[in-house]
Amino acid sequence: MDLPAPDTSILARKAEIVARLRQALPGEAIIDDPAETRAYECDALSAYRCPPLAVALPRTTAEVSEVLKICHAEGVPVVPRGAGTSLAGGALPTADSVILGVARMNRVLEIDYDDRFIRVEAGRTNLSVTAAVEADGFFYAPDPSSQLACAIAGNIAMNSGGAHCLKYGVTTNNLLGVTMVMMDGTVVEIGGGHMDAGGYDLLGAICGSEGQLGVVTEAVLRILPKPEGARPVLIAFDSNEVAGACVADIIKAGVLPVAIEFMDRPCIRACEDFAHAGYPDCEALLIVEVEGSEAEIDEQLGLIRQIAGRHDPREFRESGSEEEAKKIWLGRKSAFGAMGQINDYMCLDGTIPVSSLPLVLKRIGEMSRDFGLDVANVFHAGDGNMHPLILFDANKPGDLEKCESLGAEILKLCVEVGGCLTGEHGVGIEKRDLMAVQYSGADMEAQMRLKDVFDPKWLLNPAKVFPLGVSAERRAG
Amino acid sequence: MEAGTVRISTEDELAQAVRDAAGPLRIRGGGTRDVGRPVPGAVLDVSGLSGITLYEPGALTIVAGAGTPLAEVEAALASEGQRLAFEPADWRALLGSEGTPTLGGMVAANISGPRRVQAGACRDALLGVRFVDGTGTVLKNGGRVMKNVTGYDLVKLMAGSWGTLGVLTEIGLKVLPAPESVATLILAAEGATAAVAALSAALGSPHDVTGAAFLPGEGALVRVEGFAASVQYRAGKLEGLLAPRWPVRIETDSDRNAALWQRVAGVAPFAGRAGDVWRLSVRPSDTPAVVALLAGEYILDWGGGLIWALLPEGEDPRPRLTGTGGHATLIRASAATRAAVSPFPPEAPPLAAISAGLRARFDPRGILNPGLMG
């Protein structure tokens, strides 16, 4: 993975740039000691590291604006950072860049239950948004698995999803407004407590733009009343094909579960060894969760049992108690931890049409054998968002490269069957060079026009999303 | 057909027509929503880009040409027990237009009906688009899968851009199961304050309300949908919650429910009436103050967050709404009024600069519905 060579004239001006930043943000808001900037050298894609020139940790929108104005004037690239949990390298710095971290901006600014929204500073973590309204019976729906740590700023940058988006949608469907600072320091307000932001759908364009259009400092998020209850079932099958067909039948029958999670044999085995959730020994299992009152849950699960029955499941396990429900989720929720125990792994994020599930799983199995690397599959089956986990050994020379090649092949397959490279993690640097598999030169050109409008000097997170060759001319200014 | 109409039947022809255009083009699908500043130029009729190209009920996905009649899509979905969850509204009676609403027109205008409060807007169901920009280049963005964060989301940018950034050719949408059963609680609430209080209470409950509207004189409407037993249960719960404050009648007949909600979606009370029709998006809790300032007839949807107002011809209510938040769009008025009063809300200077920048890059010659949005 290449990153552009740092601009040596910026490196040479480090002291001057840091001094200007310090003058604007007094106190300990600016970090430039190499021992300390190392903490910001990578995000959750930790195979790639590079300490930034400096780190700015503003406390207000006005301070964010000051930092951006200075960097804009100095021509210094800025890499916005939420909590640094990106799996795609979205917050990976370059040596000539300033990391602009919003983690200190984490206050709740307004809660309005009548209008059903919450306004927060963007550094607030995903889970603590729900925590702020939970006692009053509300929640914030998008629930990426990193929700304990990840920030709303990053959720907006990557348009994050989660396990429950089949029913509630992803970040873009739950975002009502933002306060955003443009690269030149201009502060803009888009949308707010009303449902339609008005004008062009700039909120839609900003959400998922990977920190390349502006730095979001505040967000207005839709909150929803919590359902009366929720209950999962576990359904075990003898083949991936049959499990896939069962998913399609459930959806066709008019039931809309809040989550349909799918695990294949390698994943089930690893989770079982790790978490001892008591999963059956089978080729594929589904966890299906439905919501509502007790009676409503019973009715939906009855229907799901009927549909699953037509596919001759090895087991249909209902949860009779909160304990049993937790146990059904336990293995799934520890999938990533389980994989981490066995090996280093790379988590892919392609989405496919649900109908292609059996074919894609079969081809992944074949590729896994060809490359000699194990792949475990765990994913959100209801919306086709796959998470193949490729296991490799980082200490073995050449293994990371082999893993990346296999990953690229799997993602190409996702596109080939009508899907896409990334469903919820974002492109970052990780999938940057695969963009041409999904989009033509003209398609990428059209997307880059958006950045031209918001950030004409291409200073915000510039080396991400688009293949370096494709963005070279623009980045050169 | 009027003079100066270019009819195309393929995406290539469309791209050629845009490249060949010597002047402004007025993009037309079904011609049912003449909204915005009157646009000069030749009519570019894209209704020929018609037909469903992919429908997978098990994947909740449909893809069709932008000129496909909405009715054709809805019929195909109904045959599989599915529907467009955002409940696209038919504005023909309101606008006094004829013709057939198309998928492309629906997306270009981001048409979303009462179910928007629960299922999201048209833009939320939009999975992918193909379109031709102002240089005559064919572009695609998004695709046919439900989760896709690959590159920037131009799909949403196209929704509600009224043809000013590109001409849609193909549209991919997420669909949802149609419910088995429906019930509407009709609450005897009088006035906007009571109506918004009732609707907020309903939407703040865990009972998955799929419609929350107010027709003055008829009552506040709260809809639940789903499996029969569940609908009955939730309607009962909501009755328990709301009846102590507002007398409740429950409508369970499916045809009468459909007619009732079509009245809301289509703004039927203002159809055929003299005056301009405005559409305001505000915080529901601001609605009582806003309707008082409007001082005209109104109906409410989206829990009170969407106000439809009938005002005297040529009157712009925006100056007297300064400081109330949200925004107002003039949806129905004579061409003369729409030329004199900016139909779309004015934007703050930095946002106006962004919008102008987008137009300049997607339509550098300024030929696609130029000026329609301001």
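For the protein assembly as shown, the mean residue ellipticity at 222 nm estimated from helices alone is -9500 deg cm²/dmol, where every DSSP H run of n ≥ 4 contributes -39500 (n - 2.57) and the total is divided by all residues, rounded to the nearest 500. If you find the alpha carbon centre of the range B:294-313 and of the range A:398-477, how far apart are they in angstrom? About 45 Å separates the Cα centre of the range B:294-313 from the one of the range A:398-477. Taking the number of Cβ atoms within 10 Å of each Cβ as an exposure proxy, the fewest-first ranking of A:LEU285, B:LEU372, B:LEU330 is B:LEU372, B:LEU330, A:LEU285. Dimensions of chain A from C-alpha coordinates, computed as largest minus smallest value along each principal axis and given longest first, are 69, 57, 42 Å. For the range B:1-105, the spread of Cα positions along the three principal axes, ordered from largest to smallest, is 46, 34, 20 Å. Please label the shape of the range B:174-276 as rounded, prolate or oblate, based on the square roots a ≥ b ≥ c of the eigenvalues of the alpha-carbon gyration tensor (a/c under 1.5 means rounded; beyond that, a/b larger than b/c means prolate, else oblate). Cα axes put the range B:174-276 in the oblate bin. Computed from the C-beta positions of B:ALA228 and A:GLU134 and an R0 of 41 Å, the FRET efficiency is 0.85 to the nearest 0.05. Using only alpha carbons, the range A:230-336 has a radius of gyration to Kirkwood radius ratio (Rg to Rh) of 0.94.
Around the amide H of A:ALA122, modelled in the peptide plane, lie the amide H atoms of A:GLU218, A:ALA219, all under 5 Å away and 5 or more residues distant in sequence or on another chain. Phi-derived couplings, Karplus 6.51 cos²θ - 1.76 cosθ + 1.60 at θ = phi - 60°, listed residue by residue for the range B:147-158: 10, 7, 10, 7, x, 6, 8, 7, 4, 5, 4, 6 Hz, with x used for Gly and Pro.
Rounded to 0.05, the FRET efficiency of the A:MET1 and A:LYS362 pair, given R0 = 35 Å and the Cβ-Cβ distance, is 0.75. Sorting B:ARG359, A:ARG22 from the fewest to the most surrounding beta carbons within 10 angstrom yields A:ARG22, B:ARG359. Measuring between their Cα centroids, the range A:38-94 and the range B:41-56 lie 45 Å from each other. For A:LYS431, a cut-off of 18 angstrom between C-alpha atoms picks up these lysines, skipping any fewer than 8 places away in its own chain: A:LYS402, A:LYS412, A:LYS464, B:LYS147.
Ranked by the mean number of other Cβ atoms within 10 Å of their residues, highest first, the peptides A:192-199, B:150-157, B:66-73 come out as B:150-157, A:192-199, B:66-73. Protection proxy ranking, highest mean first, for peptides A:437-448, A:305-316: A:437-448, A:305-316, where packing is the per-residue count of other beta-carbon atoms within 10 Å, averaged. Taking amide H as placed 1.01 Å from N in the peptide plane, the amide H of B:ASP276 sits under 5 Å from that of B:LEU311, B:GLU313, B:GLY314, each at least 5 places away or on another chain.
Three semi-axes describe the equivalent ellipsoid of the range A:343-434; taken as square roots of 5 times the Cα gyration tensor eigenvalues and ordered largest first, they are 21, 14, 11 Å. Pull out a ≥ b ≥ c, the square roots of the eigenvalues of the alpha-carbon gyration tensor of the protein assembly as shown, then state rounded if a/c is under 1.5, prolate if not and a/b is larger than b/c, and oblate in the remaining case. Rounded, since a/c falls under 1.5. Highest mean packing comes first when the peptides A:162-174, A:132-144, B:238-250 are listed by Cβ atoms within 10 Å, giving A:162-174, A:132-144, B:238-250. Peptide A:417-426 is shielded by partner chain Cβ atoms: per residue, an average of 5 of them sit within 10 Å of its Cβ. Taking the centroid of alpha carbons for each part, the range A:165-193 and the range A:203-245 are 16 Å apart.
Legend: mean number of C-beta atoms from other chains within 10 angstrom of residue C-beta atoms, peptide B:56-66, equals 5.
Available extension along the chain between A:ARG310 and A:ALA73 is 78.7 nm, counting 0.36 nm per residue and deducting the alpha carbon span. A Förster radius of 60 Å, combined with the Cβ-Cβ distance separating B:ARG7 from A:GLU28, puts the computed FRET efficiency at roughly 0.35.
Fewest-first ordering of A:LYS362, A:LYS396, A:LYS252 by other beta carbons within 10 Å of each residue's beta carbon gives A:LYS396, A:LYS362, A:LYS252.
Just check chain B against the gyration tensor rule for me: Cα atoms, a ≥ b ≥ c as the square roots of the eigenvalues, rounded for a/c under 1.5, and otherwise prolate or oblate depending on whether a/b exceeds b/c. Verdict is oblate for chain B.
Using a cut-off of 24 Å between Cα atoms, the listed pairs A:LYS226/A:LYS326; A:LYS333/B:LYS140; A:LYS252/A:LYS326; A:LYS69/B:LYS156; A:LYS69/B:LYS140; A:LYS167/A:LYS333 include A:LYS333/B:LYS140; A:LYS252/A:LYS326; A:LYS69/B:LYS156; A:LYS69/B:LYS140 as exceeding that distance.
Take every Cα pair under 8 Å whose residues are at least 6 apart in sequence, average their separation, divide by the length of chain B, and the relative contact order is 19 percent. Per-residue shielding of A:439-451, expressed as the average number of other chain Cβ atoms within 10 Å of the residue Cβ, stands at 6.
Each reported figure results from applying straightforward, stated rules to the coordinates on display, with no laboratory input. Quick caveat: nothing in here was measured; it's all calculated off a predicted structure. Cβ coordinates were reconstructed from backbone atoms using ideal geometry, including for glycine residues, and neighbour counts include every protein chain displayed.
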